[in-house]
Amino acid sequence: PCLYRGVLDVEEVRGIDRDDDPAERIYRYCSRLATTLQVAPEQWPADRAAFAEYWEANVARIEMDDLTRTYLQGIARADFLGAPWKWLVGPLVQLQTVGFLPPEFRAELGLPWTARHQRIFDGMMKAWVAVDRRLPGPIRRFPFNLYLWDTRLRVRSGRSIV
């Protein structure tokens, strides 16, 4: 479910209307993606209205232990990149990651979010959308088009996907 919500949030920044047909297509696509990630079809909400209810109910109940919190904070900071990259791009990655999180997630993670953070995030997203709209399709879709090409090549050659 977080995958769908993440895709929807990004598409909203790009200008999609949550009530539009593209939002429905995104929902159907993400439901197929979820089943490839071992989410049983009956675990996936039947439609977007059911998803909205599911999401709101579960966001209200979010809680995590210290181990999980520390792990997720590291992902938000881009610790996985290692030095020097995490120092160079980590703050931007954290701003972008935390900016897309619901307030309840931020609070549970212990990550501060102020009006200043929101202004910077909004400006960053506005700049990203302006650049993104001017990029040629293959560059705009990178690295996902590379992942798809690699996966198709692996399937054709009989190699493991993972």
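Of the residues Thr97, Thr114, which single one is at pLDDT 95 or above and closer than 30 Å to Ile62 by Cα?
From the options Thr97, Thr114, the qualifying one is Thr114.
Is it true that Glu42 is among the acidic types (Asp, Glu), over 17 Å from the mean Cα position of the chain (by Cα) and assigned to a helix (DSSP H, G or I)?
yes
Evaluate the following for Ala40: is it among the hydrophobic types (A, V, I, L, M, F, W, C) and within 21 Å of Phe105 (Cα to Cα)?
Considered against the rule, which asks whether it is among the hydrophobic types (A, V, I, L, M, F, W, C) and within 21 Å of Phe105 (Cα to Cα), Ala40 comes out as no.
Scanning region 56-101 for residues that are in contact with a Lys or Arg (Cβ under 6 Å, 6 or more places away or on another chain) and not hydrophobic (A, V, I, L, M, F, W, C), which turns out nearest to Ile120 (Cα to Cα)?
Ranking the candidates gives Gln94 first.
In region 3-46, what count of residues is obtained for those that are in contact (Cβ under 8 Å) with a residue 24 or more places away in the chain and closer than 28 Å to Asp122 by Cα?
13
Does region 65-73 contain at least one residue that is part of a loop (DSSP other than H, G, I, E, B), acidic (Asp, Glu), touching a residue at least 12 places away in the same chain (Cβ under 8 Å) and loosely packed, with under 14 Cβ neighbours inside 10 Å?
Within region 65-73, not a single residue is part of a loop (DSSP other than H, G, I, E, B), acidic (Asp, Glu), touching a residue at least 12 places away in the same chain (Cβ under 8 Å) and loosely packed, with under 14 Cβ neighbours inside 10 Å.
Do the conditions hold for Val93, that is, is it over 17 Å from Asp9 (Cβ atoms) and either of a type in the set (Lys, Arg) or not assigned by TED's automatic domain parsing to the domain that holds Glu24 (or both)?
no
Hand me the list of helices (runs of 4 or more DSSP H) wholly inside region 85-158 holding 1 or more residues that are surrounded by 13 or more Cβ atoms within 10 Å (Cβ to Cβ) and touching a residue at least 12 places away in the same chain (Cβ under 8 Å).
85-100, 103-109, 115-132
Can you name the number of the only condition in (1) part of a helix (DSSP H, G or I); (2) loosely packed, with under 11 Cβ neighbours inside 10 Å that Arg61 fails?
Failing condition for Arg61: (1).
The values are calculated or read from the model by the stated rules, or taken from the named source; none is laboratory data. Please read all numbers here as calculations on a predicted model, not as lab measurements. In this analysis, Cβ positions are derived from the backbone assuming ideal geometry, glycine residues included, and neighbour counts consider all displayed protein chains.
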